[in-house]
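The structure appears right after this line, and notes come after that.
The values are calculated or read from the model by the stated rules, or taken from the named source; none is laboratory data. In this text, all values refer to a predicted model and were calculated from it rather than measured experimentally. Methodologically, a virtual Cβ is constructed for each residue, glycine included, from the backbone with ideal geometry; neighbour enumeration extends over all protein chains shown. Note: accessible area is taken over every heavy atom of the protein model, side chains too, but ligands, DNA and RNA are not part of it. Shrake-Rupley method; radii C 1.70, N 1.55, O 1.52, S 1.80 Å.
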Amino acid sequence: MFDLSNKIALITGGNGGIGLGIAEGYLQFGASVIIVGRNEKKNQDSKEYLTKKFPQSKVSTYICDVTDKESVDKLFDEIYKDYKLIDILVNNAGINIRSTEPQELSYEDWSLVVSTNLSSMHIMSSKVIEGMKKNGSGKIINIGSMLSIFGSSYGSAYAASKGGVVQYTKSCADAWSKDNIQVNAILPGWIVTEMTEKFRTTYPERHSLITPRTPAGRWGKPNDLSGTAIFLASEASQFVSGVSIPVDGGYSVR
Ligand code: NAP
């Protein structure tokens, strides 16, 4: 039921953090994995790491900026030379640019956050959907956040974009469930990655509040997201559509 053999999974931002954790989970369950990121070195390192760990599996990496439609068009020209179809798309690439209050965030920074975290989902999903429809199946998994639920004085663009992820997910699920394509979101809690490392150093006092506020009493690891990502990519979730699942050690229940 959770088997992903013969499935091709594309993970944006799969070269580190949560995306890399999801890639490991998919490889463990038999999928081939395509990693998309901007940084060539991170792409190469992640490919080396994954290939060593799963020597029987196919791992490919591609350079692409998911905010740039032309870059994404070129990406798919390349991908479709090597692969017929994407079975599973994980829209995971994301950034955060923080400010003390919303009005202090420049319009350029606002736009970059929204286009990376939200508009990219539309660009990427639009590129895979026809293939999925023709194939009669597909899975799209969008990565939201605790700030899909909560507001943030210092992360206004991030929260706005991540709130949008929930509504975009529902809209796509509404459109494509009839084609046997399930679109769902994962809302990670506080996970130790490069992104939150910056948060720890910039806002140490806020960082120190997270563990005591989390019922599980700890930060998450990238691999903590894998189980839910496997579920949402597999036949086990065939009748699950348009939901946003918090994977947060209970953070959002308080
Ligand atoms: P991360 O380690 O900083 O990873 C972010 C990934 O996104 C990197 O692989 C990066 O690759 C890629 N990326 C960023 N901008 C891109 C662009 N324009 N085009 C292509 N790739 C791009 O952060 P993470 O914590 O794993 O975050 C992954 C996702 O989880 C994000 O959507 C984030 O918002 C979400 N999330 C994280 C947490 C957390 O606590 N860590 C909590 C909730 C939600 P390159 O550097 O190669 O571009």
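In this structure, is residue 46 within 23 Å of residue 233 (Cβ to Cβ), of a type in the set (S, T, N, Q) and part of a loop (DSSP other than H, G, I, E, B)? Here the answer is no, as residue 46 does not meet what is asked. Across region 10-27, what is the number of residues that are closer than 15 Å to residue 229 by Cα and free of Cβ contacts under 8 Å to residues at least 60 places away in the same chain? Looking only at that region, the number is 2.
Does residue 158 satisfy being open to solvent by less than 50 Å² (accessible area, probe 1.4 Å), within 29 Å of residue 108 (Cβ to Cβ) and in contact with a Leu (Cβ under 7 Å, 6 or more places away or on another chain)? Yes; evaluated as a whole, the condition is true for this residue. Among the candidates 79, 63, 97, the residue that is in contact (Cβ under 8 Å) with a residue 40 or more places away in the chain and under 28 Å from residue 130 (Cβ atoms) is uniquely 79. Of all residues in region 83-140, those being polar (S, T, N, Q), within 14 Å of residue 183 (Cα to Cα) and either more than 16 Å from the ligand (Cβ to nearest atom) or surrounded by fewer than 19 Cβ atoms within 10 Å (Cβ to Cβ) (or both) number 2. In region 16-73, which residue that is farther than 25 Å from residue 192 by Cα and not small (Gly, Ala, Ser) is nearest to the ligand (Cβ to nearest atom)? Checking each candidate, the answer is 68. For region 161-196, taking the residues that are near the ligand (Cβ under 8 Å from one of its atoms) and part of a helix (DSSP H, G or I), the one that is surrounded by the most Cβ atoms within 10 Å (Cβ to Cβ) is identified as 162. I'd like the full set of residues that are out of contact with any Leu (no Cβ under 9 Å at 6 or more places or on another chain) and over 12 Å from residue 116 (Cβ atoms), limited to region 59-72. 60, 61, 69, 70, 71, 72 - these are the residues of region 59-72 that are out of contact with any Leu (no Cβ under 9 Å at 6 or more places or on another chain) and over 12 Å from residue 116 (Cβ atoms). Within region 228-254, the residues that satisfy the criterion of being touching a helix residue (DSSP H, G or I) at 6+ places or on another chain (Cβ under 7 Å), open to solvent by 50 Å² or more (accessible area, probe 1.4 Å) and outside any helix (DSSP H, G or I) are 246, 254.
Residues of region 212-227 that are part of a helix (DSSP H, G or I) and surrounded by fewer than 20 Cβ atoms within 10 Å (Cβ to Cβ): 212, 213, 223, 227.
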